[in-house]
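Encoded as structure tokens, the structure appears first; notes follow it.
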Ligand SMILES: Nc1ncnc2c1ncn2[C@@H]1O[C@H](COP(=O)(O)OP(=O)(O)O)[C@@H](O)[C@H]1O
Ligand SMILES: [Mg+2]
């Protein structure tokens, strides 16, 4: 809808975890490297946790592209499964044939396949996304799969990805044996303020706009305050802000536009066109362009502001408001 207006080849802030848009923040890169290392070492479980929208599935999709092409992967995305459904899902994903659905037959077929693969030096990985939905007894079943091993190494590497509840679930006393097998646990943190700006610019460039400064720095501050660096929320705010920019025919997203888009997002009202607001935004544009530095909170101040240093927060807000009053 706004692609042409801003010169994008496609929408830059889709909510699908598309590895083409992957921004290798130090956190995402570390998660990825942890997974790659654990998989190549072939010695046990890896658990990756993170809040909703922090980029777990995106890391997982990027991982699939970076694994050695000979690696065989079973990727389980539907986790409302019982033990047998899980087993058949794994076999189906690896294209392993089975004659009956008796558990011992399914396990036998999997074991035979894994031994063949190990013989050909092929690494097999089981990745379970949204693993926080697995019941403790299914998690225990997953642990049993990791018992399939030769004298030297595990026959199957297992990665569990899930929301923070997964961690809680794994602390269940019945899963002590599972916990002992976890060699890496990586918790994916949200982006910081600087990374948020870089993330936005990265996605804009990937969508085909090389300008890089569609979002003014003050607008990025607003987006960071709202999203706290969670990519999913950054995307929602940026997408909405781009729609608002189109509505106001502004090719730059200024703070006022981002702010309004975020209010609409949190109110759930949708886009409302304010005729007066357009004039106001034009004034703000001029003001922001004339003195972008003054308009911004400096990084350190901004960080203490976010860390709840209220006195500073008040001062900063008063300053910005006064500045707007004087200049608007
Ligand atoms: N490192 C990243 N680079 C690019 N986009 C990302 C990154 N991390 C998250 N996203 C985007 O944020 C949104 C949520 O990411 P997703 O991987 O689905 O999160 P999760 O699986 O943790 O809930 C998606 O639109 C995804 O494209
Ligand atoms: Mg996900």
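The values are calculated or read from the model by the stated rules, or taken from the named source; none is laboratory data. These numbers come from a predicted model, not from an experiment. Using ideal geometry, Cβ is built from the backbone for each residue, glycine included, and neighbour counts are taken over all protein chains shown.
Mind listing whichever residues of region 141-180 are assigned to a helix (DSSP H, G or I), closer than 29 Å to residue 119 by Cβ and in contact with a helix residue (DSSP H, G or I) (Cβ under 7 Å, 6 or more places away or on another chain)?
Residues satisfying the conditions are 141, 143, 177, 178.
Scanning for something touching a residue at least 12 places away in the same chain (Cβ under 8 Å), away from ligand 2 (no atom under 16 Å from the Cβ) and in a loop (DSSP other than H, G, I, E, B), does region 48-57 turn up at least one residue?
Checked against the condition, which is being touching a residue at least 12 places away in the same chain (Cβ under 8 Å), away from ligand 2 (no atom under 16 Å from the Cβ) and in a loop (DSSP other than H, G, I, E, B), region 48-57 yields no hits at all.
When you check residue 99 against the structure, is it in contact with a helix residue (DSSP H, G or I) (Cβ under 8 Å, 6 or more places away or on another chain), away from ligand 2 (no atom under 16 Å from the Cβ) and either without any contact (Cβ under 8 Å) to a residue 40 or more places away in the chain or more than 30 Å from residue 246 (Cβ to Cβ) (or both), yes or no?
yes
Go through region 229-240 residue by residue and tally those that are farther than 16 Å from residue 10 by Cα and either modelled with pLDDT under 95 or touching a helix residue (DSSP H, G or I) at 6+ places or on another chain (Cβ under 8 Å) (or both).
Final tally of qualifying residues: 5.
Cβ-Cβ under 8 Å, sequence separation 6+ or interchain: first residue in region 194-217 and under 22 Å from residue 260 (Cα atoms) and modelled with pLDDT of 95 or more, partner assigned to a helix (DSSP H, G or I) and within 16 Å of ligand 2 (Cβ to nearest atom). Which pairs?
Sorted first by the residue in region 194-217, then by its partner, the pairs are 196/234; 199/231; 199/234; 200/234; 203/21; 203/235.
For region 3-29, enumerate the residues that are closer than 16 Å to residue 249 by Cα, surrounded by fewer than 15 Cβ atoms within 10 Å (Cβ to Cβ) and in contact with a helix residue (DSSP H, G or I) (Cβ under 9 Å, 6 or more places away or on another chain).
The one that is closer than 16 Å to residue 249 by Cα, surrounded by fewer than 15 Cβ atoms within 10 Å (Cβ to Cβ) and in contact with a helix residue (DSSP H, G or I) (Cβ under 9 Å, 6 or more places away or on another chain): 5.
In region 181-213, what residues are closer than 28 Å to residue 14 by Cα, touching a strand residue (DSSP E or B) at 6+ places or on another chain (Cβ under 7 Å) and outside any helix (DSSP H, G or I)?
186, 187, 188 - these are the residues of region 181-213 that are closer than 28 Å to residue 14 by Cα, touching a strand residue (DSSP E or B) at 6+ places or on another chain (Cβ under 7 Å) and outside any helix (DSSP H, G or I).
Could we say that residue 20 is away from ligand 2 (no atom under 16 Å from the Cβ), in a helix (DSSP H, G or I), at pLDDT below 95 and within 19 Å of the chain's Cα centre (by Cα) here?
yes
Just to be sure before I move on: is residue 106 without any contact (Cβ under 8 Å) to a residue 40 or more places away in the chain, in contact with a helix residue (DSSP H, G or I) (Cβ under 6 Å, 6 or more places away or on another chain) and within 16 Å of ligand 1 (Cβ to nearest atom) in the structure I sent?
no
Restricting attention to region 169-187, report how many residues are within 16 Å of ligand 2 (Cβ to nearest atom) and either surrounded by fewer than 20 Cβ atoms within 10 Å (Cβ to Cβ) or modelled with pLDDT under 90 (or both).
1
In region 216-258, which residues are within 24 Å of residue 58 (Cβ to Cβ) and not in a helix (DSSP H, G or I)?
228, 229, 230, 253 - these are the residues of region 216-258 that are within 24 Å of residue 58 (Cβ to Cβ) and not in a helix (DSSP H, G or I).
In the set 81, 32, 37, which member is more than 16 Å from ligand 1 (Cβ to nearest atom), at negative phi and crowded, with 17+ Cβ neighbours inside 10 Å?
None of the others qualify; the one that does is 81.
Which residue, of 145, 166, is more than 16 Å from ligand 2 (Cβ to nearest atom), in contact (Cβ under 8 Å) with a residue 12 or more places away in the chain, farther than 19 Å from residue 15 by Cβ and surrounded by 19 or more Cβ atoms within 10 Å (Cβ to Cβ)?
Of 145, 166, the one residue that is more than 16 Å from ligand 2 (Cβ to nearest atom), in contact (Cβ under 8 Å) with a residue 12 or more places away in the chain, farther than 19 Å from residue 15 by Cβ and surrounded by 19 or more Cβ atoms within 10 Å (Cβ to Cβ) is 145.
Among the listed residues 36, 86, 32, identify the single one that is within 18 Å of the chain's Cα centre (by Cα) and under 24 Å from residue 147 (Cα atoms).
Every option except 36 fails the conditions.
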